[in-house]
Each structure stands twice: as structure tokens, then as C-alpha cells.
Amino acid sequence: MFRLDFLIQLGEKKIAIECDGKDFHDAYRDEWRDALILGSKQVDSIYRFRGKDLFWNVNDCVHLIFYYDKDLFNFRYQHNYCRLITEHLQDRLENDPFFSQEPHWIDYALRDGDDRMTGMANLVIHRRCQSDKKGFWNSLFSIAGKNHGASLEVLTSLKKENS
């Protein structure tokens with residue numbers, strides 16, 4: 001059993017939102033955790049955002065959920081989102097759709113007051129869902145099934161030994 005950061009439920013559909021702070025995040029452990037949650041059919045999809053992305057680009061994060069799960073949003077959001085999201089995300093979605101890849105990276109040019117580029121930043125989202133039968137999470141869940149009752153720590157060490 002795992003405690004989710006947020007759960008959105010609309011009818012039978014359940015979407016988990018995980019907010020990963022730098023100090024409390026281990027990508028490999030999270031991948032296992034997501035596999036166990038999805039495999040047990042507790043949620044339909046899991047979205048993982050870095051804490052800094054939620055802080056600096058919350059509207060883009062919300063829009064990426066909308067991109068895949070439009071039925072969670074009302075007409076008002078669908079009508080107004082173009083005023084909320086950054087041009088970087090809007091350009092990316094228009095010119096290079098994500099389809100089903102995971103994870104997603106959106107690059108942002110950082111500019112000064114004179115519009116000179118001073119650096120780059122990015123937004124990262126991991127989206128895993130039950131309907132993705134080819135997703136890596138399925139292989140992890142299969143390993144967990146062969147080691148029924150093993151803790152997350154034991155499962156992560158098993159996969160590392162087999163790699």
C-alpha cells in the first residue's frame with residue numbers, strides 16, 4: 001500500500017499526481033512504486049512532476065494532464081488554457097506532439113530584460129498508465145508477481161542484481 005500525493009477521481013477514472021521534491025526523490029524506486037500501483041489497478045494513470053516544475057510552471061504541468069485526460073477538465077479550462085500556458089509548451093504541442101512517450105521534456109529559453117538568452121531550463125513529466133501495455137512498468141510488475149509479498153526494497157535490489 002502506498003500513499004499518493006494527490007488523487008483525482010471522476011466517476012471510475014482515477015488519476016494520481018506525484019510531486020517529487022529533490023530531497024525525497026529516487027527515480028528508480030519511483031518507477032517500481034508506480035509499477036506496483038498501476039499493476040494493482042488502484043489508478044488509471046500516474047503523473048510525476050518535479051517540485052521545481054510545479055513551482056515555476058504549474059500552468060504547464062496542469063495542461064499536460066489536460067493533454068492526456070481532457071475529460072477531467074470543464075469547458076472553461078478548454079476555452080482559456082491558451083492564456084495560461086507558456087509559449088514554449090504551446091509551440092511544442094503544435095509542432096511535436098508527445099503521443100505516448102515517457103518521460104517528456106520541454107525546454108525553456110531563459111531570457112533577460114533585453115530578451116537575450118541567458119540559459120536553459122526544462123520541465124519534466126513522467127506519465128505512466130495502465131493502458132500502456134508495452135510500458136516498462138509491466139516488466140517490473142511481472143518481477144513483483146514472481147516475488148509475491150516482497151518489500152519495495154527487496155524488489156529494487158532484485159532488479160539491480162539482474163541488470
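The values are calculated or read from the model by the stated rules, or taken from the named source; none is laboratory data. Note that the structure is predicted; figures quoted are calculated from it, not measured. Positions of Cβ are backbone-derived with ideal geometry, glycine not excepted, and every protein chain shown enters the neighbour counts. We work out accessible area using only protein heavy atoms, side chains counted, and drop any ligands, DNA or RNA first. Shrake-Rupley method; radii C 1.70, N 1.55, O 1.52, S 1.80 Å.
Take the Cα of residue 77, go 7 Å toward its beta carbon, and the backbone nitrogen atoms of the range 25-48 under 16 Å from that spot belong to 44-48. What percent does the relative contact order of the chain come to when contacts are Cα pairs within less than 8 Å and at least six residues apart? In percent, rounded to a whole number, it is 25.
For the chain, the longest principal axis of the Cα atoms and the long axis of helix 136-146 meet at an angle of about 20 degrees. Helix 58-68 versus the longest principal axis of the chain: what angle, 0 to 90°, nearest 10, using Cα atoms? Taking the Cα atoms of the chain, the angle to 58-68 is about 60 degrees.
Pairs of lysine residues in the range 1-93 that meet both criteria, 8 or more places apart or on different chains and Cα atoms under 23 Å apart, total 6. A value for percent of Cα pairs over 27 Å apart was derived from the coordinates, and within the list [x] 31; [y] 25; [z] 18 it appears as [x]. How would you classify the range 3-65 from its alpha-carbon gyration tensor, with a ≥ b ≥ c the square roots of the eigenvalues: rounded for a/c under 1.5, else prolate if a/b is greater than b/c, otherwise oblate? The shape class here is oblate.
Give me the accessible area per residue for the range 1-160, probe 1.4 Å, as a whole number in Å².
63
For the range 14-115, the fraction of 1.4 Å probe accessible surface lying on carbon and sulfur atoms is 51 percent.
So how tilted is helix 75-84 from the main axis of the chain? Cα-based, degrees 0 to 90, rounded to 10. Once rounded, one gets 60 degrees.
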